[in-house]
1. How tilted is helix 159-178 with respect to the longest principal axis of the chain? Cα atoms for both, answer in degrees (0 to 90, nearest 10).
2. At a 1.4 Å probe, what is the % contribution of carbon and sulfur to the accessible area of segment 113-258?
3. Near the amide H of VAL248, under 5 Å away, which other amide H atoms are found, from residues 5 or more places off or on another chain, if H is placed in the peptide plane?
4. With a probe of 1.4 Å, find how much accessible area the chain has per residue, and write the answer as a whole number in Å².
5. Can you tell me what share of the DSSP beta bridges in the chain is antiparallel? A percent to the nearest 5 is fine.
6. Count charges around PRO180 for me, please; just the other residues with Cβ under 12 Å from its Cβ, Lys/Arg as +1, Asp/Glu as -1.
7. Relative to the longest principal Cα axis of the chain, at what angle does helix 223-233 sit, 0 to 90 degrees, rounded to 10?
8. Tell me which lysines have Cα within less than 30 Å of LYS106's Cα, excluding those fewer than 8 residues away on the same chain?
Amino acid sequence: MGLLDNKRALVVGVASNRSIAWGIAQAMHREGAQIALTYQNEKLQKRVEKFASELDSKITLPCDVSSDTQIQSVFGDLSKYWDSFDILVHSIAFAPRELLDGEYLKNVTREGFRIAHEISSYSFSALAEASREMMKGRKGAMLTLSYLGAVRSMPNYNVMGLAKASLEANVRYMASSLGPEGIRVNAISAGPIRTLAASGIAGMRDFLTHVESTSPLRRNVTIEEVGNAATFLCSDSASAITGEITYVDCGFNTIGMS
Ligand code: NAD
Ligand code: 0WE
C-alpha cells in the first residue's frame, strides 16, 4: 500500500536529475502515484521524456508559464490521457540573473521585479485555476516550493525573496479559494540544494556550508527528503493541512545566533 495509490500527479519544474521536482516525482511514483511531467522548452523535452519513462509515464507536455496559451493547452493535452487528476506540484522560479547579486535596492528594476513575481508566484495561481475543473471533487492537493528568503533578508537572494513572500501569501489565498472544493494548498520551504537554479549563484557554496555547520541536523537537505515531505503533504494523511508553509531544512530556520 502506497501513500498515493490511485492518485495522479502533474509535476511542473523538472529540468535535471537534481531538480527538486524530480525528487518529488520519484517519491510520489514510489508511493503509487501516476505521474505527468511538463517541460519549459524544446531544449528540455528529450530529457524530460527520459525522466517520465523512468517513472513508467508517457505523459510529457510543454509548458512555459510565461504564456497563457501554453498554460491552457497543458490541460487540454492532459485531458487526452486523464479525465481528472489529484495533485499539482509547482516547482519553478525565475528572476533575471543580474538581480540575484549585490545590493537589492541598487539592482532591482521594474522589469526584473515583474518577471520574478510573474514566473515565481503568479504562475502558481494561473496553473491552479486551469487545474480546477480536472481536480474537482477528489481530495486534491497542490504544492509549491519556497525558500527562507521569503521571510528573512538573505544576501543576493534579493527580488526572489519578495517573489517568495508573494508565493507564500498566494498559498494562503489559494487555500481559501479552493478549500470549499476540498482542494488543499501548501508549500515546502526547502533548505539550499545544489540544482540548476542554484548553479552559478554568487555565494551558493557559503549558503550550503553555513547550513551544514549551524543547522540542528548539521547537514543540508536532499531532494529525496523534500520528495518524501511533499508526498505526505499531498496524501490523504495530510487531509487537515492547508495554507501551510512547512520547513524542510534540517531545522535551520528555527535557530538563533545563526
Ligand atoms: P531547477 O533549475 O531544477 O528547477 C527550476 C525549474 O523552473 C526548471 O525546471 C525550469 O525549467 C523552471 N522554469 C523556469 N522558468 C520557467 C518558465 N517560464 N516556465 C516553465 N518553467 C520554468 O531548480 P530547483 O532548485 O529544483 O527549483 C525548483 C523550485 O525550488 C523553485 O521554486 C526554487 O525557488 C525552489 N527552491 C530551491 C532551493 C534550492 O536551493 N535549490 C531551495 C528552496 C526552494
Ligand atoms: O529559489 C532559488 C533560486 C531561484 C532562481 C535561480 C536562478 C538562477 C538562474 C531564480 N532565478 C534564477 N535566474 C537565473 O538566471 N533558490 C532558493 C536557490 C538560491 O538562489 C539564490 C540563493 C539560493 C539558496 C540566489 C542568491 C542567494 C542564495
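The values are calculated or read from the model by the stated rules, or taken from the named source; none is laboratory data. In this text the structure is predicted, and so the values were computed from the model without any measurement. So basically every Cβ, Gly included, is an ideal-geometry build from the backbone, and we count neighbours across all protein chains shown. To get the accessible areas, we keep the full protein, side chains included, count just its heavy atoms, and leave off ligands, DNA and RNA. Shrake-Rupley method; radii C 1.70, N 1.55, O 1.52, S 1.80 Å.
1. Rounded to the nearest ten degrees, it is 30.
2. On the way: 3630 of 6390 Å².
C and S fraction of accessible area: 57 percent.
3. The answer is SER189, ALA190, GLY191.
4. Details: 12190 Å² over 258 residues.
Per-residue value: 47 Å².
5. Values: 0 of 26 bridges.
Of all bridge pairs located within the chain, approximately 0 percent are antiparallel.
6. On the way: positive: ARG132, LYS136, ARG184; negative: GLU181.
Neighbour charge sum, excluding PRO180 itself: +2.
7. 50
8. Counting by Cα, and skipping residues close in sequence, LYS106 has these lysines nearby: LYS164.
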